[in-house]
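Let me begin by presenting the structure, written as structure tokens, before commenting on it.
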Ligand code: SAH
């Protein structure tokens with residue numbers, strides 16, 4: 001018998017729903033919904049900043065799903081150890097291959113279709129808008145957040161993990177990197193950005209940095225908004241913005257400019 005009526009168990013009335021009561025509640029894997037699985041020693045740091053604003057609203061509305069896998073739950077022994085000293089000596093601790101492997105296997109049990117495994121790593125390929133676009137076209141992603149000196153290399157080889165960096169600096173853990181990459185990716189999913197235009201014309205979408213932006217008041221501290229923007233001449237405005245974009249990119253990011261002009 002099928003019924004849409006809420007099922008009653010004792011005093012509690014339970015209605016099956018796809019809307020989680022909290023952003024991080026375990027919800028069923030939804031076909032066609034982009035999903036992130038994050039392996040971390042600090043699951044409490046999620047959704048973190050992703051719970052705010054557009055990414056948070058989209059999470060609430062089920063436009064994407066986020067789940068964490070706690071490395072500690074896979075730790076060994078009474079103390080659930082997750083790390084050990086580096087083979088060959090040296091400072092710090094390394095996350096164990098067996099522990100990380102078990103957590104990754106748990107995450108991958110949910111993987112379907114195109115679903116890369118990324119390791120947040122300062123040795124990795126620098127993350128960029130193109131990678132965000134590509135990730136948004138996948139069915140989901142598993143992200144491994146390192147801590148201490150990183151993870152045992154064998155687990156990266158075993159799972160065919162891709163190392164990705166958010167820049168040439170070293171943080172204490174991969175959680176901020178994962179949130180940065182997820183933010184950049186989730187905002188590209190259909191229906192997440194309010195104004196579909198804003199993902200088309202922004203920095204990096206066309207290999208250029210964005211032109212300067214202004215809003216009211218028209219005069220502030222003796223500074224006026226450039227006259228062309230107040231002219232109402234859309235052709236002129238478009239040309240001005242393009243010219244600003246190009247000169248900014250040339251001045252600030254000769255590397256981007258070179259890539260663009262040699263193509
Ligand atoms: N010993 C490592 C650094 C470990 S930093 C090395 O020299 O390469 C600890 C963890 O923080 C890493 O495992 C990684 O998950 C994360 N992390 C640090 N800096 C990062 C960056 N720039 N991008 C992505 N993840 C980073």
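Among the conditions (1) under 24 Å from residue 129 (Cβ atoms); (2) touching a helix residue (DSSP H, G or I) at 6+ places or on another chain (Cβ under 7 Å), the only one that residue 161 does not satisfy is (2).
How many of the residues in the range 41-77 are farther than 28 Å from residue 190 by Cβ and either in contact with a strand residue (DSSP E or B) (Cβ under 8 Å, 6 or more places away or on another chain) or surrounded by fewer than 18 Cβ atoms within 10 Å (Cβ to Cβ) (or both)?
Taking the range 41-77 as the starting set, the residues that turn out to be farther than 28 Å from residue 190 by Cβ are 41-42, 44, 70-77.
Right, trim to either in contact with a strand residue (DSSP E or B) (Cβ under 8 Å, 6 or more places away or on another chain) or surrounded by fewer than 18 Cβ atoms within 10 Å (Cβ to Cβ) (or both) and you get 41-42, 44, 70-73, 75-77.
Here the count works out to 10.
Restrict the check to the range 177-194 and report whether at least one residue is crowded, with 20+ Cβ neighbours inside 10 Å, farther than 16 Å from residue 58 by Cβ, within 11 Å of the ligand (Cβ to nearest atom) and within 18 Å of the chain's Cα centre (by Cα). Yes, the range 177-194 has at least one match. Taking the range 114-136 on its own, how many of its residues are under 18 Å from residue 179 (Cα atoms) and away from the ligand (no atom under 16 Å from the Cβ)? Of the residues in the range 114-136, 6 are under 18 Å from residue 179 (Cα atoms) and away from the ligand (no atom under 16 Å from the Cβ). Looking across 158, 163, one residue alone is in contact (Cβ under 8 Å) with a residue 40 or more places away in the chain, more than 14 Å from the ligand (Cβ to nearest atom) and over 13 Å from the mean Cα position of the chain (by Cα). It is 158. Just one of the listed residues (111, 107, 58, 103) is within 14 Å of the ligand (Cβ to nearest atom) and either in contact (Cβ under 8 Å) with a residue 40 or more places away in the chain or touching a helix residue (DSSP H, G or I) at 6+ places or on another chain (Cβ under 7 Å) (or both), and it is 103.
Any read-out appearing in this document is the output of simple, stated calculations on the displayed coordinates, not a laboratory observation. Since this is a predicted model, take the numbers as computed values, not measurements. Glycine also receives a Cβ, built like all others from the backbone with ideal geometry; neighbour counts cover every protein chain displayed.
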